[in-house]
Amino acid sequence: MSLTDKNIRNPFSSIQNKAMSMSSIANEKSDYARTATSFRNFVSQKPDSQFPAKSGRYHLYISYACPWASRCLAVLKLKGLKKAISFSSVQPVWRKTKESDDHMGWVFLDSDTEVLGADTDRLNGARSIRELYDIASSNYTGKYTVPVLWDKKLKTIVNNESSEIIQMFNTKFIHVAENPSLVLHPPS
């Protein structure tokens, strides 16, 4: 008997399907082609800007399973910004984000589960990253990705591009960083 027989279920079929769907987003060189992000605002050191660099105003949403989000958290911690910028993590696996459709994405803990390192969303009560995008923009149609730099005061996404979040952590929050002289973003 082989795994192609109709009476035998292939235990690797779901893994193969996921791998095949991931290959559809790779470019011709077999490099991963990350989708462009949509929220590209910047925190500024000017106090009258839309997003001023104030301690306690921002929150970083991450997944430990996402390398782009994890590097933002690493910079936040190495720069010593934990007191100035809070953070929380979704579960490390994708789950349904709404009961009304089949979209799979990053979700927070619900009250009945416990996943090491994952949190509930104490700021907005969101059940998924998708809900945060819906709060920020009711007509958003892109991907629901992490990292998300969230403005607690305006209840919106400031930025969801990891390289730009790292740049902001490295340069815009120096006045509140415990390690202000540590440079973690290479010059352009």
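The values are calculated or read from the model by the stated rules, or taken from the named source; none is laboratory data. None of these values were measured; they are calculated from a predicted model. Using ideal geometry, Cβ is built from the backbone for each residue, glycine included, and neighbour counts are taken over all protein chains shown.
Would you mind stating whether S100 is at pLDDT below 95 and either among the polar types (S, T, N, Q) or within 25 Å of F169 (Cβ to Cβ) (or both)?
So S100 fits the description; yes.
One line per residue, one yes/no per condition, for (1) of a type in the set (A, V, I, L, M, F, W, C); (2) farther than 15 Å from V107 by Cβ; (3) touching a residue at least 60 places away in the same chain (Cβ under 8 Å); (4) surrounded by 23 or more Cβ atoms within 10 Å (Cβ to Cβ):
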| site | (1), (2), (3), (4) |
| --- | --- |
| G117 | no, no, no, no |
| T120 | no, no, no, no |
| R127 | no, no, no, no |
| R130 | no, no, no, no |
| S138 | no, yes, no, no |
| W150 | yes, yes, yes, yes |
| K155 | no, yes, no, no |
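Does A65 satisfy being at pLDDT 95 or above, in a helix (DSSP H, G or I) and under 20 Å from the mean Cα position of the chain (by Cα)? Spell out how you get there, then give the answer.
Working: at pLDDT 95 or above: yes; in a helix (DSSP H, G or I): no; under 20 Å from the mean Cα position of the chain (by Cα): yes.
No.
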Taking the stretch 168-188 as the region of interest, how many residues are among the aliphatic types (A, V, I, L, M) and part of a loop (DSSP other than H, G, I, E, B)? 4
D102 fails exactly one of (1) in a loop (DSSP other than H, G, I, E, B); (2) touching a helix residue (DSSP H, G or I) at 6+ places or on another chain (Cβ under 8 Å), namely (2)
Starting from residues that are aromatic (F, W, Y) and at pLDDT 95 or above, keep the ones in the stretch 23-62 and report whichever is nearest to L116 (Cα to Cα). Y61
Got a number for residues in the stretch 68-98 being in a helix (DSSP H, G or I) and touching a helix residue (DSSP H, G or I) at 6+ places or on another chain (Cβ under 8 Å)? 7
Subset of the stretch 83-114, residues more than 17 Å from the chain's Cα centre (by Cα) and surrounded by fewer than 18 Cβ atoms within 10 Å (Cβ to Cβ), comes to K83, K98, E99, S100, D101, D102, D110, S111, D112, T113, E114
